[in-house]
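Contents: one structure, followed by commentary.
Any read-out appearing in this document is the output of simple, stated calculations on the displayed coordinates, not a laboratory observation. Keep in mind that this is a model prediction, so the values were computed, not measured. Counting neighbours? That spans all protein chains shown, and the Cβs are built from the backbone with ideal geometry, glycine included.
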């Protein structure tokens with residue numbers, strides 16, 4: 001939605017920016033400035049400032065801070081009702097421009113994974129370049145995937161978690177009132193440079209302990225603190241690790257450092273060849289994982305969504321063939 005329209009509220013007052021309406025609605029939905037800022041991908045101070053500017057323009061307080069979180073005032077409740085209606089009307093107005101135009105669109109937030117990103121890229125490659133295209137893809141950690149879909153920022157999400165933590169994730173997804181489609185359950189593979197010629201058919205726990213793990217530094221588990229997440233990881237090389245925050249950096253380290261490894265999902269041969277990598281089975285405990293697709297329960301799957309899921313299944317099947 002392009003929420004950029006400005007409404008004049010009268011002489012002597014500033015104008016209202018409907019982007020601020022979206023901010024206020026998200027604060028009401030989450031009951032938290034911190035969580036709303038996270039869902040909106042902005043800093044908490046910036047969101048707080050925007051809400052204060054909106055309240056100053058309106059001339060009354062929208063929210064009050066309580067022990068139960070951020071709650072709307074009486075006038076704030078009425079304002080938020082009007083704001084939601086205005087945002088809804090704007091969406092309908094913008095939709096008028098698309099009625100006579102064929103548009104391929106996909107709104108997707110995913111856990112960092114090669115086969116998932118490959119499916120998104122293949123989807124993009126098969127889009128009609130002469131038509132109207134809207135492709136919105138974001139890679140992040142699994143908790144952020146869930147939060148983003150719950151906030152309505154993306155239509156579909158692909159979440160990855162260890163089976164060891166399944167109860168935490170399913171409870172969190174239930175709290176967010178999201179629908180779930182189980183997709184793939186697999187044992188993590190050790191991914192490393194082909195130059196690591198000392199590796200046999202399977203990585204032993206002792207051998208892995210001599211290598212340097214590459215891990216995502218922002219991995220989260222619902223209801224667990226950052227320290228608890230790190231303790232849960234139990235890396236064989238507990239005294240060293242390379243923390244990264246995007247998949248391209250991880251691949252660069254794996255490609256350039258012969259002693260580096262990463263625990264990932266099985267990958268198709270084409271992706272491994274592209275980066276000069278190989279995969280082997282490992283005997284690290286508690287590394288069985290599951291990928292699931294999440295969406296708002298009211299969400300209606302589009303043809304583009306179904307096409308992406310078909311491509312995801314196709315690439316997953318290719319990766320599974322590598323295990324045989």
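Of the residues 33, 110, the one with the fewest other Cβ atoms within 10 Å heads the list, and the complete ranking is 33, 110. Between residue 242 and residue 286, the FRET efficiency from the beta-carbon distance, with R0 = 25 Å, is close to 0.75.
Placing a pseudo-label 7 Å from each Cα along the Cα-to-Cβ vector at residue 88 and residue 302 gives an inter-label distance of 2.1 nm.
Annotation for residue 57 and residue 124: the two label points, set 7 Å from Cα along the Cα-Cβ direction, are 3.4 nm apart. Neighbour counts of C-beta atoms inside 10 Å place 93, 211, 278 in the sequence 93, 278, 211, starting with the fewest. Grab the beta carbon distance between residue 174 and residue 269, set R0 = 35 Å, and tell me the FRET efficiency rounded to 0.05. Working from the Cβ atoms, E equals 0.40. Model label points for residue 194 and residue 225, set 7 angstrom from Cα along the Cα-to-Cβ axis, are 4.6 nm apart. Taking 14 Å as the cut-off, the amide N atoms of the stretch 240-283 that come nearer than this to a point 7 Å along the Cα-to-beta-carbon line of residue 210 belong to 259-260.
For the stretch 103-321, averaging the sequence separation of C-alpha pairs within contact (under 8 Å, six or more residues apart) and dividing by the residue count gives a relative contact order of 34 percent.
Per residue, the average separation of C-alpha pairs within less than 8 Å and at least 6 apart gives the stretch 6-96 a relative contact order of 26 percent. Fully extending the segment from residue 322 to residue 259, taken as 0.36 nm per residue of separation minus the present Cα-Cα distance, adds 20.4 nm.
Sorting 255, 20 from the fewest to the most surrounding beta carbons within 10 angstrom yields 255, 20.
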